[in-house]
Amino acid sequence: AIYDLMAKNKNRIGSLSKKLKNANSKIAGLEQMIATLQAQIDAKDGEISDLKAQLESKNIELSNIVMNLENVEAESTAKTEKLNTAFYAFGTSKELKEKNVITKEGGFIGMGKSTKLKDDFNKEYFTKIDASQVTSINIGAKKAKIITSHPTSSYKLIGEKTVEKIEILNSEDFWSNSKYLVIITE
């Protein structure tokens, strides 16, 4: 009985030893697989860090581009506004002389003098407008004479007995010679 019990125990020990060897090889395989997976995770973490750094760099570049675009747009808006800004003034000849806008020059012995815009005219007397938006200027006078240089094909005086307004037919042509319009009224 003791001999049988010892034989059973030896068989059990042998069986357990085989199972232990198989388990140890499986554990070694699992440990190797874990080490490989850990190495892959570490590599992916490095790639993620590199991608984050690249993304931050691209975000900085993008914000610089956006700032440059905003600056260019602001500059463009300012330049467009400056290009589209025009001024006009109207009044009687006496009034415009008093306000230091026009002068009479040339001629001989008081005859043949021509009225023109003064070289150092009073800019404060003029009304500022957006030339791209304004298509007519109300005058409401018996007569009107444009002193500054504007192509006659680019505007039309409207009114039968009185000049009610100046209608600008072609804004670009009208303001091409001068951004200042002076009208003598009666």
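Computed from the coordinates by the stated procedures, all read-outs in this text should not be read as laboratory data. Computed from a prediction, not measured in an experiment: that's the story for all the values here. Virtual Cβ from ideal backbone geometry, glycine too; neighbours counted across all protein chains shown.
Here are some residues: 18, 99, 104, 118. Which one is more than 44 Å from the chain's Cα centre (by Cα) and closer than 30 Å to residue 140 by Cβ?
Of 18, 99, 104, 118, the one residue that is more than 44 Å from the chain's Cα centre (by Cα) and closer than 30 Å to residue 140 by Cβ is 104.
What single numbered condition from (1) outside any helix (DSSP H, G or I); (2) exposed (fewer than 10 other Cβ atoms within 10 Å of the Cβ); (3) not small (Gly, Ala, Ser) fails to hold for residue 103?
Among (1) outside any helix (DSSP H, G or I); (2) exposed (fewer than 10 other Cβ atoms within 10 Å of the Cβ); (3) not small (Gly, Ala, Ser), the lone unmet condition for residue 103 is (2).
Counting only residues that are under 20 Å from residue 83 (Cβ atoms) and in contact with a strand residue (DSSP E or B) (Cβ under 6 Å, 6 or more places away or on another chain), which one in region 140-168 is surrounded by the fewest Cβ atoms within 10 Å (Cβ to Cβ)? Lay out the reasoning, then the answer.
As a first pass, look at region 140-168 and keep what is under 20 Å from residue 83 (Cβ atoms): 148-151, 154-155, 168.
With the extra rule that they be in contact with a strand residue (DSSP E or B) (Cβ under 6 Å, 6 or more places away or on another chain), the set shrinks to 148, 155, 168.
On the way: 148: 16, 155: 21, 168: 21.
Applying the filter and picking the extreme gives 148.
So, in region 145-186, exactly how many residues are of a type outside the set (Val, Ile, Thr), under 23 Å from residue 122 (Cα atoms) and either in a loop (DSSP other than H, G, I, E, B) or in contact with a Lys or Arg (Cβ under 9 Å, 6 or more places away or on another chain) (or both)?
9
Would it be correct to say that residue 129 is part of a strand (DSSP E or B), in contact with a Ser or Thr (Cβ under 8 Å, 6 or more places away or on another chain) and closer than 23 Å to residue 186 by Cα?
Against the criterion (part of a strand (DSSP E or B), in contact with a Ser or Thr (Cβ under 8 Å, 6 or more places away or on another chain) and closer than 23 Å to residue 186 by Cα), residue 129 does not qualify.
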